[in-house]
Amino acid sequence: MGRRRKKEEKIIRKTLPELFLCPNCAKNSIKVTIDPKNNLAGIRCSACGLHGRIVIEPNTAPVDAYSTFVDKYYEGATQKVG
Ligand SMILES: [Zn+2]
């Protein structure tokens, strides 16, 4: 039996962490985590610790959640750390 083993093609999806500019410390270190179950987006800056959670529409892209967060930040509605 000349069974040939197929080379498994691994599709490596690059999961580039999407980082956004932090309105607090001006570093590119904001990470957005989407929680589709609860329609929430978590935003956290790994540099200064700024974080918040916002309610999002289903299928909201991280970048949209981020801009909503920034809007809220400037309105003073988000939690500020430090
Ligand atoms: Zn920051």
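Helix 62-75 sits at what angle to the longest principal axis of the chain, using alpha carbons and giving 0 to 90 degrees rounded to 10?
That helix lies at roughly 10 degrees to the long axis.
Place a +1 charge on the Cβ of each Lys and Arg in the chain and a -1 charge on the Cβ of each Asp and Glu, then give the dipole magnitude about the Cα centre in debye, rounded to the nearest 20.
Here the size comes out at about 920 debye.
Between residue 25 and residue 9, what is 0.36 nm times their sequence separation minus the Cα-Cα distance? Round to one decimal in nm.
Extending this stretch completely gives an extra 1.5 nm.
Mind listing the long-range amide H neighbours of residue 50? Cut-off is under 5 Å, sequence gap 5 or more, other chains count too, H placed in the peptide plane at 1.01 Å from N.
HN-HN under 5 Å from residue 50: 45.
Under 18 Å between alpha carbons, and skipping anything fewer than 8 positions from residue 37 in its own chain: which aspartates and glutamates qualify?
Partners found: 57, 64.
So for the pair residue 46, residue 64, with labels modelled 7 Å out along Cα→Cβ, what separation do we get in nm?
Using points 7 Å along Cα→Cβ, the separation is 2.6 nm.
Restricting to Cα pairs below 8 Å that are 6+ residues apart, what does the relative contact order work out to for the chain? Please round to a whole percent.
Computed over the chain, the figure is 21 percent.
Can you give the FRET efficiency to the nearest 0.05 for residue 37 and residue 75, using r as the Cβ-Cβ distance and R₀ = 30 Å?
Efficiency, from the Cβ-Cβ distance: 0.70.
Give me the three principal axis extents of the chain from the C-alpha atoms, as integers in angstrom, largest value leading.
The principal-axis extents, from largest down, are 71, 27, 16 Å.
Add -39500 (n - 2.57) for each DSSP H run of 4 or more in the chain, then divide by its residues: what number comes out at 222 nm, to the nearest 500 deg cm²/dmol?
-5500 deg cm²/dmol
Readers should treat all values here as calculations from the given coordinates under stated rules, not as data from a laboratory. Just so it is clear, the model here is predicted, and its values are computed rather than measured. Here the Cβ is made from the backbone with ideal geometry for all residues, glycine too, and neighbour counts use every protein chain on show.
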